[in-house]
Amino acid sequence: MDMVDKNDSVLIIGGGTWGCSIALELARNGYSSVMVLDGEDVPSSIVAGNDLNKIMEEGIALNLKMIQTLHMRGIASMIYALQHGLMIRYINLIIITNIKKVVTADQFRNTMPLGVLTGDFKGWRGFAKPSGAGWVYARGAIIAAKQEAERLGVRFITGQHGLVTRLLYSDETEHGEREGMLKRRTLRGVISADGTIYRAHTTVLANGANADSLIDLKHQLRPTAWTLAHIQMTPSEAELYKDLPVLFNIEKGFFMEPSAETHELKICDEHPGYINPVYQELPPDNSLIREHADGKYKDGKNIVGSKPFTRRQIPLESEDRVRAFLKETMPHLETRPFSFARICWDADTVDRMPLIDWYTSDDGEDLSSRREAEGGVEGGRLLLAVGGSGHCFKTMPAIGQVILEFLEGRVDGKTRRAFRWRPGIAEGRNWWDVQGRWGAQGEVMDFNKVKGWTTIGET
Ligand SMILES: Cc1cc2nc3c(=O)[nH]c(=O)nc-3n(C[C@H](O)[C@H](O)[C@H](O)COP(=O)(O)OP(=O)(O)OC[C@H]3O[C@@H](n4cnc5c(N)ncnc54)[C@H](O)[C@@H]3O)c2cc1C
């Protein structure tokens, strides 16, 4: 396959966590024509990474590579505040050296300055990890990457001009009509909400949880949402909470130190996630319903996807979980009103590994083998860079490098196989699969069944 040349144009759809990292990496490596399209100003209000902070942890090999890269990179030292320590409840689930067991309430309380952890930690067990884990200033990382990319010549187009509504293929008119049926469809460009057509040698799809609104991804992505809330702290509380380790309970929730700028403390309740199911009605006597009464064909309907939406509130049940977590850890904050809350979407692959591969067709074939057999495609090409699966902010410092390796044909076989186009494993996908997550009732939840939402700032 032809490699991308540094003078070729590269268009990135989505200026989020990955889009900004990719843009920066390309610019740093001498790519002279890079443009990023986003439906909102960067960082957008729907971006998963537009957040006070995110957990960073060394663990699986992929993440280790990302962390090492983080330390080597310039932006890291400027904008990432790596703190120390991570606590997790189930010590026997993770095999790690250099950790200290934490079991009694006093041991838990002593991991932080006096007055921070005031709870009784009944039934808690865990460990303190003195290095290799911490947090990053997420929103700041995106802003810094964007600014540096712009300084190096990357163009960001946002709003209606940057909101991509459709991809334009080689056998289509600009109005979406098919002109014959080409066996090998190539990408001609992308169309934004204001009707502008953008064309590039290579387009990178990095629009996170919204990716399958532009491409049929054969159920490989499940948009899944999580919940977060903020509590406003006083300056003296913020001073006390400075330089804290992350406290993470895999069943109940987590928090990090408050924002240095605004003194807000972010708290997340842990759960397997919410979806907003998209159904395909089945006839009432359909045998599939009887065969799979509890799985895919739930409630007599066939789920065919999950559709993200924006909401700057959280379900009341989520508020209850946050407050239960506070009661056990910091009861002095249990009843404090939230100053902000929102749902936040990411794209779950079946195996929670990223989906990064060349996309050359919409006919559902295994594109990797087809590409190899045919020796590549001509014309505009599309690289998929999606599938954060709820844990890929930590890849931000390195994802750009991985994409660069894809573009330049240097990516190693192991990475290529792990991230490949893999519709086979999404066939008959169980949309309710918890995918190794705990918390709440131990189930993926349905937004349509939520009984009420918070009303922060509405009254
Ligand atoms: C509540 C929550 C907590 C998390 N905590 C952690 C954590 O502690 N540690 C960790 O490592 N990971 C964490 N994650 C996961 C991490 O944030 C994501 O994996 C990562 O940010 C995904 O990046 P992305 O670039 O794929 O998507 P995003 O960052 O969501 O970016 C997508 C971008 O595409 C844009 N876009 C969408 N549609 C279009 C369109 N049609 N046209 C143009 N632009 C478009 C959006 O505006 C957005 O800017 C968390 C996620 C959530 C939701």
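Could you identify the single residue in Y169, Y198 that is within 26 Å of the chain's Cα centre (by Cα), buried (at least 16 other Cβ atoms within 10 Å of the Cβ) and either at pLDDT below 95 or assigned by TED's automatic domain parsing to the domain that holds V47 (or both)?
Answer to the check: Y198.
For the range 434-449, which residues satisfy the criterion of being on the phi < 0 side of the Ramachandran plot and either hydroxyl-bearing (S, T, Y) or buried (at least 16 other Cβ atoms within 10 Å of the Cβ) (or both)?
Residues satisfying the conditions are R437, W438, V444, M445, D446, F447.
Would you mention how many residues in the range 400-431 are at pLDDT 90 or above, touching a helix residue (DSSP H, G or I) at 6+ places or on another chain (Cβ under 7 Å) and part of a loop (DSSP other than H, G, I, E, B)?
Of the residues in that region, 2 qualify.
Report, by residue number, each residue of the range 7-19 that is crowded, with 24+ Cβ neighbours inside 10 Å, more than 8 Å from the ligand (Cβ to nearest atom) and either among the aromatic types (F, W, Y) or farther than 12 Å from I403 by Cα (or both).
Hit for the range 7-19 is L11, nothing else.
Among (1) aromatic (F, W, Y); (2) modelled with pLDDT of 90 or more; (3) assigned to a loop (DSSP other than H, G, I, E, B), there is one condition W438 misses while meeting the rest; what is its number?
(2)
Given the criteria within 19 Å of A347 (Cα to Cα) and of a type in the set (G, A, S), does A398 qualify?
Yes.
The values are calculated or read from the model by the stated rules, or taken from the named source; none is laboratory data. Quick caveat: nothing in here was measured; it's all calculated off a predicted structure. We place every Cβ from the backbone using ideal geometry, glycine too, and count neighbours over all the protein chains shown.
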